[in-house]
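Accompanying notes for the structure given below.
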Amino acid sequence: AALLNEVLVTEEESGSPLPRTPQDHGKATYAPFLTTELAKINWALGAHLVAGHIRAMDPRPGAHTEVRGERVKLFTPHIVDCVNTPCRGIPGEVLGVSELGLVVACGTGAIAIGEIQLPSRRRLNAAAVLAGTDFPHGLIME
């Protein structure tokens, strides 16, 4: 927004329109409709890619994974600092809990899940979900 304001002020002060470049339609890409199949988390990817995927699917359709045969939606990911928190494990493996949420291993690195939505439940802070639902260390999310 600040850059747009700067461009408009510059254009107004110069008295003539700034040069414009039309879009090259040959380089344009098509984005498919978001489906639940596209929202499934691929834990084999790196932590940054998994976190970006989860953010991209928020709020709908909501990035999801399978936990004990049930679809669980995950929100508010944080990249975990591997210096202070263990980050090694099988992709999708629960490594523990941090102040940021449920820590899950990715292909490289790990993320902490800040919010979780269990089936037929509302979206809650990870700490609230973990108080009533068991996500033990070593549990594999698919």
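The values are calculated or read from the model by the stated rules, or taken from the named source; none is laboratory data. Predicted, not measured: the structure shown is a model, and the values here were computed from it. Cβ: placed from backbone, ideal geometry, glycine included. Neighbour counts: every protein chain shown. Areas reflect the complete protein model, heavy atoms only, side chains present, ligands, DNA and RNA absent. Shrake-Rupley method; radii C 1.70, N 1.55, O 1.52, S 1.80 Å.
Every condition in (1) over 22 Å from ALA110 (Cα atoms); (2) within 20 Å of the chain's Cα centre (by Cα) holds for LEU49 except the one numbered (1). In the set (1) outside any loop (DSSP other than H, G, I, E, B); (2) in contact with a Lys or Arg (Cβ under 8 Å, 6 or more places away or on another chain), GLY62 fails one condition alone, (1).
Output the strands (runs of 3 or more DSSP E) that fall wholly within segment 72-132 and possess 3 or more residues being surrounded by fewer than 19 Cβ atoms within 10 Å (Cβ to Cβ), or say none.
Numbers: elements: 94-98, 101-105, 110-117.
Qualifying strands (runs of 3 or more DSSP E): 94-98.
Filtering segment 41-59 to residues that are small (Gly, Ala, Ser), without any contact (Cβ under 8 Å) to a residue 40 or more places away in the chain and outside any helix (DSSP H, G or I) leaves nothing. Only one of the listed residues (ALA51, ALA56) is surrounded by 18 or more Cβ atoms within 10 Å (Cβ to Cβ) and among the aliphatic types (A, V, I, L, M). That residue is ALA51. Among the residues of this structure, GLY69 counts as one that is exposed (fewer than 15 other Cβ atoms within 10 Å of the Cβ), over 16 Å from ARG123 (Cβ atoms), of a type outside the set (A, V, I, L, M) and modelled with pLDDT of 90 or more. Comparison of PRO19, PRO32 shows that the only residue that is open to solvent by 80 Å² or more (accessible area, probe 1.4 Å) and part of a loop (DSSP other than H, G, I, E, B) is PRO19.
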